[in-house]
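The values are calculated or read from the model by the stated rules, or taken from the named source; none is laboratory data. A quick note: this is a predicted structure, and the numbers were derived from the prediction, not measured. Positions of Cβ are generated from backbone atoms using ideal geometry, with glycine treated the same way; all protein chains shown enter the neighbour counts. Side chains are part of the model used for accessible areas, which takes the heavy atoms of the whole protein and leaves out ligands, DNA and RNA. Shrake-Rupley method; radii C 1.70, N 1.55, O 1.52, S 1.80 Å.
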Amino acid sequence: MGARESWEHEQEAIYLYAALAEAEPAPERRQLFACLANEARAQAGIWENAAVSAGAPVPSTFVPNARVRLVGALARWLGPARLRPVLAAMKVRGLSTYGMLPPGHAMPKSADEVGLRHRGAANGTLRAAVFGANDGLVSNASLILGVAGAVGATEGAASGHAVLISGVAGLLAGAFSMAAGEFVSVSTQREMLEHQIAAERDELALYPEQEAAELSLIYQARGLPKEDADRIAGRIVANPAYALDALVREELGVDPDALGSPWGAAVASFFAFATGALVPLAPFAVARGPSALPASIALTSATLFALGAAMSLFAGRGALRGGLRMLLIGCAAAGATFGIGHLLGAAVS
């Protein structure tokens with residue numbers, strides 16, 4: 001990243017800090033954003049001098065572009081917490097304060113403790129697998145029952161064959177769609193985070209004192225006394241083994257160890273969706289007669305309840321309540337598509 005581009009990013013950050021301070025109701029965060037704006041002005045001055053030395057002077061007046069003005073307006077309207085991913089991509093610091101635990105959360109006492117709460121949860125993969133399987137189950141069950149309602153799957157093997165073909169098509173279309181969506185999503189997120197980490201690395205090399213000051217401001221906003229915040233931030237920035245990792249976690253509120261693999265996410269999404277989508281389809285592949293539809297409904301219902309109970313583990317709710325809720329939601333979706341399919345089948349017959 002060139003010096004002039006870095007200067008522009010700092011100017012954008014100054015503009016956004018003003019918008020965030022205006023929108024933020026908490027006085028501690030308002031003060032944090034005001035102080036971060038001052039730090040950004042100092043860093044912009046450093047980049048301005050570097051740009052002049054490189055023969056690329058910066059404009060005398062900075063005019064934010066339409067994107068920056070839009071994000072500032074959205075931050076004032078929706079609040080900073082709802083725009084964390086967008087703000088992180090635009091060089092806004094202090095976002096980790098929106099991920100903090102309630103008052104009384106212990107502050108880090110050493111570099112080893114910095115950013116622990118941002119590190120990826122061990123159940124992240126399991127959570128994605130459960131939700132992906134649930135998506136495949138509900139969507140393909142709805143498709144299969146919609147087609148069954150239209151063609152009358154209980155009337156013979158020919159109509160059961162139509163349901164089977166439709167279900168296979170729905171499984172493949174949904175699984176490939178999920179895989180493609182996850183690949184693009186994770187790739188975009190990874191590129192954004194890599195860009196931010198590279199920017200932090202450049203800034204840490206150019207002005208470590210200012211980076212330590214920003215880190216200290218974040219700790220102070222989270223309740224640590226200034227003397228302790230300065231001491232911890234200074235020790236972190238002075239240690240290359242911790243500095244970049246800590247700055248990315250605490251300033252941006254992201255986990256550099258959780259960038260993720262686009263191909264891994266795509267493959268996992270494909271198989272999770274396909275596994276769920278296979279459940280309502282299996283009875284039609286095994287039994288082509290009138291018993292296929294009731295068997296599909298029974299198997300789908302049991303799996304919906306099990307997945308709902310499993311999802312309750314992530315929501316902190318009772319398994320019975322979670323299972324019944326998912327069962328009712330899935331049955332409502334599948335029942336609606338079955339009824340619509342039946343009406344359409346009767347209308348075009």
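Just how many % of Cα pairs in region 180-242 lie over 19 Å apart, if you round to the nearest whole percent?
Details: 906 of 1953 pairs.
I get 46 percent for the Cα pairs in region 180-242 exceeding 19 Å.
Using 0.36 nm per residue of separation minus the Cα-Cα distance, give me the extension gain between Ala73 and Val286 in nm, one decimal.
In short, 71.0 nm is gained.
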**Q.** Extension gain from Glu227 to Ser177, taking 0.36 nm per residue of separation minus the Cα-Cα distance
**A.** 12.7 nm
Q. Distance in nm between label sites at Ala332 and Ala205, each 7 Å beyond Cα in the beta-carbon direction?
A. 5.6
Q. What accessible area, in Å² to the nearest ten, does a 1.4 Å probe give for Asp228?
A. 50
Q. Label Ala81 and Val63 with points 7 Å out from Cα along Cα→Cβ: what is the distance between them in nm?
A. 3.7
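Computed from the mean reciprocal separation of all distinct C-alpha pairs, what Kirkwood hydrodynamic radius does region 1-72 have, in Å? Please report the intermediate quantities before stating the final value.
On the way: mean 1/r = 0.0785 Å⁻¹.
Across region 1-72, the inverse of the average 1/r is 12.7 Å.
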